[in-house]
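Let me begin by presenting the structure, written as structure tokens, before commenting on it.
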Amino acid sequence: MDLKSLSFAVAEVANERGISQQKIFEVIEEAIASAYKKEYGRKKQKIIAKLDVKNGDLKFWQVRQVVSPEMLLSDEDMEALKEKRAKSDEIIEENGKVRFNSERHILIDEAKILEPTIKAGEEIMLPLESKENFGRIAAQTAKQVILQKIKEVEKEEAFKEFKDKEGEVVSGIVQRIEPGAVFLDIGRTSAVLPRKEQIYNEQYRPGQRIKLFILEAEQTSKGPQILVSRIYPKLVSKLFELEVPEIGAKQLEIKSIAREPGLRSKVAVAALEDGIDPIGALVGQRGTRILAVINELAGEKIDVIEWNEKPEKFIANALSPAKVLEIRAMPKNKAIAIIQDDQLSLAIGKEGQNVRLAAKLTGWKIDIKSVSQVEQEMKEGKMPEAETDEEIIEAGNLSVGEETAEIAKPKKPRKKVAAKKTATDEEATTE
């Protein structure tokens, strides 16, 4: 065998397809063994080939399992199995015993003549003649099998790679666009972006490079199928991880995300170390970091919110850009947010978007009430009381930097007190 040419070809294939040279040589050995069996072997034989990569020598062995009489099915056993299988639709096991086949098995006494220390259940390798005229037909067969095997290995390697990347972000190039899906090149294989996982107002074009969240890698008869998304909430946090080194350094943590893809997202972030400005870190100098994420998401607006372990503080921050006067925590994760009349539409947002995202972000059902609404309900005795005195918190004391919040139980809403500033449309996005 022309080892020099083979080694060169193997190295080239390994570099092009990202497969180890050792794996390719294993595939070559399997292919050559298959060609040898087809040319010279017999049915039921198990043949292996070994290629010496140092000198190009090629050797063949027949592999047979060593069996003892106790491991074999007797004639009576065979008849009993036939009867059971004839009477039942279920699979009837052979109780660990085997049907002797001279091409696959060898009796223990015969095997010990060849290898004295061998035991029943082990395999013995019997050398086969290395045919000098392995021949053009066999070589062609080997070539065809090698190409097929390499494709199979390539598909398996690609599947393993992207199975490990589930939940991660990859970059893809749009290949083709169909009514129900967009197909993208993501390196060693293609990915499918179904319509339901696309940003509703995003336009795609061949050759366009976009970031994708890997939902699932599945092995199919046609090879690996990689399902990706542009709307999954974690795509936002993964994009911030690429732009904000403080997240990777465990100085910051994104606590939660609420997203309406293509329109707006709210991102709650907390500092894990003193001296770190969580909002400033995500926004970046002159908004460079957040703008990079916005541009990647087709202009989707992003509000960065400072997370707080106290629900009242967190809810007030989440309703940004509206300024909250007061939060009243109610039973069953419900809260009333009291807002100045001129801030009501801002708190609710267009078609309820702002309060809807705030509710998703915090996990609380939020009822927005204006000062005039509260005054009217109090006159009518309809305003519900909070569970405890401690659950009515002034929005002016909702800043994360303070250790405690002032506790009060007002008979009517207080005058407007500015809540802590958060990154909103004015800081983080452009309207």
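Here, each number is a calculation from the coordinates, and none is a lab measurement. As the structure is a computational prediction, the values presented were derived from the model and not from experiment. Neighbour counts run over all protein chains shown; Cβ positions are idealised from the backbone, glycine included.
Observations on the structure shown:
- Size descriptors for the stretch 265-369, from the alpha-carbon set: Rg then Dmax equal 14.3, 42 Å.
- The distance between label points at residue 277 and residue 292 comes to 1.8 nm (points 7 Å beyond Cα on the Cα→Cβ vector).
- In summary, the convex hull built on the alpha carbon positions of the stretch 167-315 has an orientation-averaged projected area of 10.1 nm².
- FRET efficiency estimate (nearest 0.05) - Cβ-Cβ, residue 109 to residue 16, R0 56 angstrom: 0.65
- Using a Förster distance of 45 Å, the FRET efficiency for residue 129-residue 165 (Cβ separation, nearest 0.05): 0.40
- When only alpha carbons of the stretch 152-191 are considered, Rg and Dmax amount to 11.2, 32 Å.
- Computed label-point distance, nm, for sites residue 101 and residue 120 using a 7 Å Cα→Cβ extension: 2.1
- Relative to the current alpha-carbon distance between residue 379 and residue 144, full extension at 0.36 nm per residue lengthens the span by 75.8 nm.
- Extents of the stretch 165-231, taken as max minus min of Cα coordinates on every principal axis and listed largest first, are 31, 22, 20 Å.
- Between residue 209 and residue 221, residue separation times 0.36 nm minus the direct Cα-Cα distance comes to 1.5 nm.
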